Amino acid sequence: MSTTDVSFCIGGEAGQGVQSSGAGFAQAMTRGGLHVFGTPSYYSRIRGGHNFFIIRVSDEPVYAVKDKINVLLALDDTSVLEHIDDLVTEGVIVADEGVEVPEGLVEGRAVRVVQAPLADIAEEHGSSVMMNTATLALTAGLVGFDLQHILSVIADNFAALGEDIVKANEQVAKDAYALAGEDFSDISTWRVEARQAPERLIIDVNHAFGMGCLMGGCKFVSGYPMTPASSVLEYMAQHADAWGMVVKHAEDELAAVNMCVGAGHAGVRAMTCTSGGGFDLMTEGLSLAGMTETPVVVYLAQRPGPATGLATRTAQGDLNLALYASHGEYPRVVLAPHTPEEAFRCGQRALNIAEKYQCVVIVLSDNYNANSLWSVDAGEFDPQQVEIDRGKMLDEEALEAIDVYHRYAFTPDGVSPRALPGSHPQAVYLATGNEHRENGHITEDPEISAAMLDKRMRKLDGARTEIQAPFTYGPSEAEITFLSWGSSYGPVHEAMKRCNAGGTPANMVHFVDLWPFPVEETKEILDGARELIDVEGNGTAQFASLLYGQTGIEVDKKILKYDGRPFTPEYIMEKIKEA
């Protein structure tokens with residue numbers, strides 16, 4: 001039986017290389033011309049605990065993992081126990097001979113078991129550490145996937161360790177692949193064959209956002225590592241020298257955000273990245289940016305809270321935090337990209353919006369989006385598409401024409417012309433966290449205080465022109481309209497397609513730009529919708545509340561998930577049936 005939609009699960013304990021193996025397998029499948037979506041699941045510990053990585057491959061675009069898997073690559077005994085119930089009919093377990101697969105567990109199930117001397121093959125060529133390579137290659141042989149793509153990933157991933165390591169892993173892969181053809185050629189009922197396709201990248205949202213920031217002119221990044229935002233900081237640090245950028249590992253999140261405020265004040269495009277607990281600490285610094293009208297971008301990658309919560313799991317519980325965290329009021333923009341392509345665009349957009357309106361821009365992601373791997377067309381990341389808009393930045397000629405420069409001058413749109421401090425004799429001014437006059441001098445005058453707040457908030461009128469209307473998918477007329485934002489996009493999109501295939505007309509409306517809320521566009525799109533189903537990863541339906549507060553539109557049903565695990569299409573379909 002040939003199929004175009006196959007899910008692999010690599011399971012093991014922390015320290016066994018589950019994540020690197022999953023990423024490498026996903027890379028090989030992408031090079032083989034297939035569409036790929038992969039996501040890891042891991043405990044917040046360095047050693048021990050069960051980790052796994054699901055890779056779904058298809059000849060059609062896929063944006064979510066499914067509940068069921070076709071092939072289990074079990075690197076330890078626990079993986080068999082944990083995932084045998086997840087296997088589809090005629091599913092395959094691939095394991096070393098040393099992994100225990102209890103007969104009583106397999107008996108009566110339509111499951112096929114492939115156990116081979118994978119550790120022995122690895123040791124024969126140098127070390128049992130290469131057993132993962134053998135497992136991946138044997139699996140590739142079972143499903144008929146071209147070994148050449150596995151070998152190309154080995155060559156790239158192990159190049160830094162030396163030619164001997166590369167050759168040893170290549171030989172392990174060749175021997176394991178040959179074993180699949182010799183002893184297990186009739187085991188798998190699925191074929192995953194490489195094909196010709198346009199060049200694609202395998203990338204996650206974190207790296208795509210970082211790439212967008214790099215190409216968008218970001219020159220300063222500060223942060224304190226916090227899952228799941230850490231890889232943004234790591235990515236920017238890796239490219240800092242080549243792109244002329246300063247990346248600071250701050251002592252904590254308070255320092256990180258205040259460094260960004262300082263960099264933004266000096267005229268540098270600045271960004272920080274964190275998760276919910278770190279963002280809590282940044283609140284006062286962001287209020288300072290609001291008062292001093294300093295452009296700052298914050299990448300907020302959500303995980304379940306409160307406090308440390310589930311440090312390596314996913315959630316969409318920080319929407320209200322992003323919208324309302326502050327003492328006092330100041331303008332902000334909140335974006336929530338849902339794919340790597342959109343994250344790339346958001347990196348550029350966030351920097352442009354921050355400088356054009358001299359405000360804070362918060363980009364929301366979460367663990368599921370941040371760490372999941374997507375295969376995307378390489379052309380989506382074209383630097384020629386990047387436009388940089390620094391807003392009302394005064395050059396030397398403009399400053400020469402000014403008698404007295406007021407940094408916080410009242411303007412109809414609320415945005416005051418901006419000069420880099422100290423760049424010209426005119427560009428000398430006060431900037432303070434206290435309320436102030438147009439020239440920056442502190443004041444407590446009630447009329448000026450109110451006028452200054454009005455001036456700052458007027459920026460939102462301009463920012464609204466930057467806001468995208470929600471995206472729509474599916475037929476214009478439908479019985480069900482799904483509402484989603486952020487990482488729920490992929491599972492909802494597939495659930496919508498399943499509804500239509502099953503005879504229930506359904507469409508979806510997906511929100512990327514969340515604040516200022518696209519009120520009129522939303523009302524127009526949802527006008528006439530029969531049944532609205534809100535799907536989001538929190539326990540209080542935060543987006544549904546935002547929608548109602550801004551438009552008066554109330555959803556009919558809510559499908560919520562707040563156990564730290566991502567949505568799947570099957571979960572959504574089951575909740576629809578229950579409703």
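The values are calculated or read from the model by the stated rules, or taken from the named source; none is laboratory data. Computed from a predicted model, the values in this text were never measured in an experiment. Here the Cβ positions follow ideal geometry from the backbone for every residue, glycine too, while neighbour counts run over all protein chains shown. Heads up: the accessible areas ignore ligands, DNA and RNA and are worked out on the full protein's heavy atoms, side chains in. Shrake-Rupley method; radii C 1.70, N 1.55, O 1.52, S 1.80 Å.
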Taking placed amide H atoms and a strict 5 Å upper bound, the residues 5 or more places from Ile69 or on another chain that come that close are Leu87, Val88
Computed ³J(HN,Hα) along region 164-173: with the Karplus parameters 6.51/-1.76/1.60, θ = phi - 60°, integer Hz and x for glycine or proline, the list is 5, 5, 4, 5, 5, 5, 5, 5, 4, 4
Using a 1.4 Å probe on heavy atoms of the protein chains only, the accessible area for Arg195 in Å², nearest 10, reads 90 Å²
Of every hundred units of 1.4 Å-probe accessible area on the chain, the number belonging to carbon and sulfur atoms, as a percent, is 48 percent
Here the residues of region 416-431 lying in the modelled label zone of Asp445, meaning backbone nitrogen under 17 Å from a point 7 Å along Cα-to-Cβ, are 430
Packing-ranked peptide list from 409-416, 383-390, highest mean Cβ count within 10 angstrom first, is 409-416, 383-390
Taking the chain and counting helices only, DSSP H stretches of n ≥ 4 at -39,500 (n - 2.57) each over all residues, the nearest-500 ellipticity at 222 nm comes to -11000 deg cm²/dmol
Stretched fully, the stretch from His327 through Ala579 gains (0.36 nm per residue minus C-alpha distance, one decimal, in nm) 86.7 nm
The long-range amide H neighbours of Ala14, using H built 1.01 Å from N in the peptide plane and a cut-off of under 5 Å, are Gly48, Gly49, Asn51
Note, His441: beta-carbon cut-off 14 Å, +1 each Lys/Arg, -1 each Asp/Glu, net -2
Counting only Cβ distances under 4.7 Å between cysteines, those in the chain with no partner are Cys9, Cys260, Cys273, Cys346, Cys359, Cys499
Percent antiparallel among DSSP beta bridges confined to region 412-551, nearest 5, equals 30 percent
Computed over the chain: longest principal axis from alpha-carbon atoms vs helix 276-292 long axis, angle to nearest 10 degrees, is 20 degrees
Of 168-175, 519-526, ordering from highest average Cβ density within 10 Å down gives 168-175, 519-526
For the chain the mean separation of alpha carbon contacts under 8 Å (6+ apart) over residue count, i.e. relative contact order in percent, is 12 percent
To the nearest 10 degrees, the tilt of helix 18-31 (Cα long axis) against the first principal axis of the alpha carbons of the chain is 90 degrees
Under the 7 Å Cα-to-Cβ spin-label approximation, Lys167 and Thr472 lie apart by a distance in nanometres of 6.2 nm
Expressed per residue, the solvent accessible area of region 442-515 in Å² (1.4 Å probe) is about 40 Å²
FRET efficiency (Lys497, Gln148; Cβ distance; R0 30 Å; to 0.05) is 0.35
Of 257-266, 454-463, 87-96, ordering from highest average Cβ density within 10 Å down gives 257-266, 87-96, 454-463
For Tyr429, the accessible surface traced by a 1.4 Å probe with all protein chains present amounts, in square angstrom to the nearest 10, to 40 Å²
In degrees rounded to 10, the 0-90 angle between helix 340-356 Cα long axis and the longest Cα principal axis of the chain is 10 degrees
HN-Hα couplings for region 420-436 via Karplus (6.51, -1.76, 1.60; θ = phi - 60°), in whole Hz with x for Gly/Pro, come out as 5, x, x, 7, 7, x, 6, 8, 10, 7, 8, 9, 9, x, 7, 4, 8
Ignoring ligands and nucleic acids, Trp515 exposes an accessible area, probe 1.4 Å, in Å² to the nearest 10, of 50 Å²
Among beta bridges assigned by DSSP with both residues in the chain, the antiparallel ones amount in percent, to the nearest 5, to 35 percent
By accessible area (1.4 Å), largest first, Tyr562, Tyr548, Tyr63 order as Tyr562, Tyr548, Tyr63
